[in-house]
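Since the structure comes first, as structure tokens, the remarks are kept for the end.
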Amino acid sequence: MTTQITPNPVGPFTLAPGTDDTEGLAPNGATTLDALALLDPDTRARTVAPHHALRGPHLAFGEGEQMRLLRLDRDITHIGRGPDAAVCIDEYRVSRDHAILVRHGRFFRLLDNRSSNGTYVNGRRIVAVGVASGDLIELGPVRVRFVEVA
């Protein structure tokens, strides 16, 4: 099953089929946080509304009309709190170099980079795993979604 960004007659765009919201509990029992509000200004400036997104892999931040997509155009993308991270999330429970997304041809692999609070994909703690469109990625208490725009 492939999850794609599709038009929604009620709002501009939504994830299909079915997504959960960004509120709730992370696997470690902590309250989850909306990653969109935690992006540093440089990272946020590189995001686009779903209807402006180019085809290909993206990280989705926020939900509904507030959703923003960040194109994954590098072979290696570092995600973390540090200034050298390509995706910089300003949350103290996200490690400086929390996780790494690595492109292998058409596929992506997510690696936890010895983070303090763990990296989870679809609720399971990972060390390294392939990710597919629609997968929910949790970096400590912060949720983002890996999506493929068709």
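Among the residues that make up segment 79-87, is at least one of them out of contact with any His (no Cβ under 8 Å at 6 or more places or on another chain) and under 15 Å from L33 (Cβ atoms)?
No.
Going by what's in this entry, would G134 be described as within 11 Å of the chain's Cα centre (by Cα) and modelled with pLDDT under 95?
The answer is no for G134.
Table: residues versus (1) more than 15 Å from R145 (Cα to Cα); (2) at pLDDT below 95.
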residue: L15; (1), (2): no, yes
residue: D20; (1), (2): no, yes
residue: L25; (1), (2): yes, yes
residue: D34; (1), (2): no, yes
residue: P41; (1), (2): yes, yes
residue: R46; (1), (2): yes, no
residue: H58; (1), (2): no, no
residue: L69; (1), (2): no, no
residue: P83; (1), (2): yes, yes
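Would you confirm whether or not segment 129-147 contains a residue that is on the phi > 0 side of the Ramachandran plot, touching a His at 6+ places or on another chain (Cβ under 9 Å) and touching a residue at least 40 places away in the same chain (Cβ under 8 Å)?
yes
Pairs needed: first member in segment 70-95, on the phi < 0 side of the Ramachandran plot; second member anywhere, crowded, with 20+ Cβ neighbours inside 10 Å and among the charged types (D, E, K, R); C-beta distance under 7 Å; at least 6 residues apart or different chains.
As it stands, the answer is C88/R81; I89/R81; D90/R81; E91/R81; V94/R81; S95/R81, since those pairs meet every condition given.
The values are calculated or read from the model by the stated rules, or taken from the named source; none is laboratory data. Keep in mind that what you see is a predicted model, and the values were worked out from it rather than measured. Note that each Cβ is placed from the backbone with ideal geometry, even for glycine, and that neighbours are counted across all protein chains shown.
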